[in-house]
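Participant: So that we are looking at the same thing, I have put the structure below in structure tokens.
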Amino acid sequence: MFHNPVLVVGDVMLDRHVHGQVRRISPEAPVPVVSLLGEVQTPGGAGNVAAGLAGLGCRVTLAGLIGTDAEGEQLRQVLTSKGVERLDLVDHPDLTTVSKTRILSDTHQQLVRLDRDGDRSRFAALDQLLLDRVLPLIDDQTAVVLADYEKGVITPRVAREIIGRCRDRGVPCVVDPKKTDFSVYAEAAVVTPNLMEAERAIGRALTDDEAVGIAAGQLRDRLQTDAMLITRGPDGMTLCVAGDIHHVPAQTRNVADVTGAGDTVVAVLAACLGSGRPMLEACRIANAAAGIAVSHPGTYVVQAAELEAAWNGTSPKILDRNAARRRLDEARRRGRKIVFTNGCFDLLHAGHLACLEGAKRLGDLLVVGLNSDSSVQGLKGDTRPVIGQTNRASLLAGLACVDVVIVFDEETPAALIELLEPDVLVKGGDYTIDQIAGGDLVLSRGGRVVALPLVAGLSTTAILGRNTRPDVAAQPRGMFRISEHNPRPIPTAGSPDSAF
């Protein structure tokens, strides 16, 4: 979607997410005992902005300050793994790499956060060394981001010299502000405070669209920026450009976690402005990206393909194989259980829905492999499918229980299952376990294979062959029997592993 070079300068951090199970309270103190399952390390702060730009396809350079410590080396590694092309990080023995460690339960609830902050004065003392690295890079960039988290890297001098160089060279500078005094950000292309930061800068509460719009205009005039963008969480964004106020409503999604949404907005703004898109269009694209980001737990890097799909009106749940693999790898690192099922889903009906909802209850993320039109024709004959693959994929993606949809051309999904490595494989119908394609692959990895019976009287073939509405007896969901091959016994209702 983007390929332009973008420079990010700011406070880089290492984010650790430690996942575990909580089953009891400690006898030593009234605190939960966490049985560790795994740890995920991700870039934080300016590093997350850089990772977001890399996810969009930009050629990213990241500049900042870190310590010569284990956290600094780990941060370099995770930034490289995220595709950040060039690291201009100044490491110094007097510095401590900023890190945040979050301990989370298996229900993704944050139990405690451990912060390791550096000495702000020591970061600030190295501002000339940072400027010597950064200023020569600006001429080769299409956009620059100042990601200021008030950890000491973005001193007033650093901000003024970088913004001044960008203004002289005609390079848009996007600022994510944390300072109370916004004057150091004057003449940037756009400053992007959240609502609380804007209220603090303007000195009053902003309670409605009109108040926010007036404040955005006042801040823009005061700072002489090209634009002022106030992000407002569930109320969307308010953009002020010369003479105009635009209120951009939030993209309605199931909000899982708002962590990092501001970084996503800044990254997409910079990518868009650097590729020549107008400010209002850039804000609307950034708004769509923020909607994707908050629908995922933890800090989520929005990928170019899913943003392009969302911007073009296609569900971001519909992914190609490689994008799906990346998404599932990230989810698995966070301790989430992946469920896979597949089918033609031609004329989506209540029987399909019952099976899909039953499958979702067996894990955390439900991935649906969808037979392509050519695959359906090979299986069902020349008169099928009734509904094309694009529409079938969109219908599936519209279901709350479905997290990822992947279209495949093969007769069976075995190759897809081998790539994605789900924890649970589910199939609806009168199958024995050994008849389910890919079942041997899942079982060989210690996973589960589950067969869910179809709702009686409901199938696409039967529906197409009827002239009248079928008279199907209601069958309560969750009451049907599961056929499962699993080294563990089938859980009983109410047990911790119960599917229903």
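Participant: Round to the nearest 10 and report in Å² the accessible area of ARG321, as given by a 1.4 Å probe over the protein chains' heavy atoms.
Facilitator: Rounded to the nearest 10, the figure is 60 Å².
Participant: Of all the accessible heavy-atom surface of the chain, with the other protein chains kept in place and a 1.4 Å probe, what percent is carbon and sulfur? Can you show the working numbers first?
Facilitator: Numbers: 10710 of 21910 Å².
In the chain, the share of accessible area belonging to carbon and sulfur is 49 percent.
Participant: Peptides 262-271, 284-293: what's the order by average Cβ count within 10 Å, highest mean first?
Facilitator: Numbers: 262-271: 28.8, 284-293: 23.9.
Going from most to least packed, we get 262-271, 284-293.
Participant: Test of understanding: what is the full-extension gain from THR390 to LYS100, defined as 0.36 nm times their sequence separation minus their Cα-Cα distance?
Facilitator: Extra length available between THR390 and LYS100 comes to 100.2 nm.
Participant: At 0.36 nm per residue, minus the direct Cα-Cα distance, what do ARG333 and THR107 gain on full extension? Give it in nm, one decimal, please.
Facilitator: 79.9 nm
Participant: Under 5 Å between amide hydrogens, which residues at least 5 positions from GLY44 or on another chain qualify, with H placed 1.01 Å from N in the peptide plane?
Facilitator: MET13, LEU14, ASP15
Participant: Right, something else. What's the Cα-based Rg to Rh of the stretch 194-234, Rh via Kirkwood?
Facilitator: Ratio value, two decimals: 0.92.
Participant: Can you figure out the FRET efficiency of ASP257 with ARG222, using R₀ = 35 Å and their beta-carbon distance, to the nearest 0.05?
Facilitator: Once rounded, the FRET efficiency stands at 0.55.
Participant: Output wanted: per-residue J couplings in Hz (rounded whole) for the stretch 390-399, from phi through Karplus 6.51 cos²θ - 1.76 cosθ + 1.60, θ = phi - 60°, x for Gly and Pro.
Facilitator: Result, rounded to whole Hz: 5, 6, 5, 5, 5, 4, 5, 5, x, 7.
Participant: Shifting gears a bit: Between rounded, prolate and oblate, where does the stretch 202-283 land on the alpha carbon gyration tensor, with a ≥ b ≥ c its root eigenvalues, rounded for a/c under 1.5, else prolate if a/b exceeds b/c?
Facilitator: Judged from the Cα gyration tensor, the stretch 202-283 comes out oblate (a/c at least 1.5, b/c at or above a/b).
Participant: Please report, for the Cα atoms of the chain, the Rg to one decimal and the Dmax as a whole number; what are they, in angstrom?
Facilitator: 25.5, 80
Participant: Can you compute the FRET efficiency between ASP69 and ARG445 using 1/(1 + (r/R0)^6), with r the Cβ-Cβ distance and R0 = 30 Å? Round to the nearest 0.05.
Facilitator: My answer for the efficiency is 0.25.
Participant: For the stretch 19-158, what size does the Cα cloud have along each of its three principal axes, sorted from largest down, in whole Å?
Facilitator: 59, 35, 23
Participant: Follow-up question, since we're still on this one. Which whole-number value in Å² is the accessible area per residue of the chain, probe 1.4 Å?
Facilitator: On the way: 21910 Å² over 500 residues.
Here the per-residue accessible area is 44 Å².
Participant: Out of LEU348, ALA51, GLY313, whose Cα points farthest toward the positive end of the dipole of the chain (charges: +1 Lys, Arg; -1 Asp, Glu; placed on Cβ)?
Facilitator: The residue sitting most towards the positive pole is LEU348.
Participant: Using +1 on the beta carbon of Lys and Arg, -1 on that of Asp and Glu, and nothing else charged, what's the dipole of the chain about the Cα centre, debye to 20?
Facilitator: So the magnitude is around 900 debye.
Participant: In addition: From Cα pairs below 8 angstrom and at least 6 apart in sequence, can you work out the relative contact order of the stretch 123-179, rounded to a whole percent?
Facilitator: About 45 percent, as a whole number.
Participant: Determine one quarter of the surface area of the Cα convex hull of the stretch 246-358, which equals its mean projected area, and express it in nm² to one decimal.
Facilitator: Over every viewing direction, the Cα hull of the stretch 246-358 projects on average to 8.7 nm².
Participant: Report the percentage of all Cα-Cα pairs in the stretch 333-428 whose separation exceeds 20 Å, rounded to a whole percent.
Facilitator: For the stretch 333-428, the share of Cα pairs beyond 20 Å comes to 32 percent.
Participant: When only Cα pairs under 8 Å and 6 or more residues apart are kept, what is the percent relative contact order across the chain? List each step's numbers first, then the result.
Facilitator: Working: 1044 pairs, mean separation 53.0, N = 500.
Once divided by the residue count of the chain, the mean separation gives 11 percent.
Participant: For LEU114 and VAL31, compute 0.36 nm times the residue count separating them, minus their Cα-Cα distance, and round to one decimal in nm.
Facilitator: Numbers: separation 83, 0.36 × 83 = 29.88 nm, distance 1.57 nm.
This chain segment gains 28.3 nm when fully extended.
Participant: Local charge sum around MET1 (other residues, Cβ-Cβ under 15 Å, Lys/Arg +1, Asp/Glu -1)?
Facilitator: So the surrounding residues net to -1.
Participant: Could you tell me which of the pairs LYS100/LYS317; LYS317/LYS427; LYS360/LYS380 are separated by over 23 angstrom between their Cα atoms in the structure shown? Each step should come with its number before you reach the end.
Facilitator: On the way: LYS100/LYS317 30 Å; LYS317/LYS427 20 Å; LYS360/LYS380 27 Å.
With Cα atoms farther than 23 Å apart: LYS100/LYS317; LYS360/LYS380.
Participant: Applying a 10 Å radius around every beta-carbon, put 185-198, 344-357 in order of their mean neighbour count, most first.
Facilitator: So the peptides 185-198, 344-357, ranked by packing, come out 185-198, 344-357.
Participant: While we're here: Could you tell me the center-to-center distance, by alpha carbons, between the stretch 121-196 and the stretch 290-342 in angstrom?
Facilitator: When both Cα centres are located, 31 Å separates them.
Participant: Taking the chain as a whole, which cysteines find no other cysteine Cβ under 4.7 angstrom from their Cβ?
Facilitator: If one checks each Cβ against the other cysteines of the chain, CYS58, CYS240, CYS272, CYS283, CYS344, CYS355, CYS401 turn up with nothing under 4.7 Å.
Participant: How high is the FRET efficiency from GLN21 to SER183, r the C-beta distance, R0 56 Å, rounded to 0.05?
Facilitator: My answer for the efficiency is 0.70.
The values are calculated or read from the model by the stated rules, or taken from the named source; none is laboratory data. If you're wondering where the values come from, they're calculated on a predicted model, not measured in any experiment. Ideal geometry is used to build each Cβ from the backbone, glycine not excepted, and the neighbour counts take in all protein chains shown. Note: areas computed on protein heavy atoms with side chains; ligands, DNA, RNA excluded. Shrake-Rupley method; radii C 1.70, N 1.55, O 1.52, S 1.80 Å.
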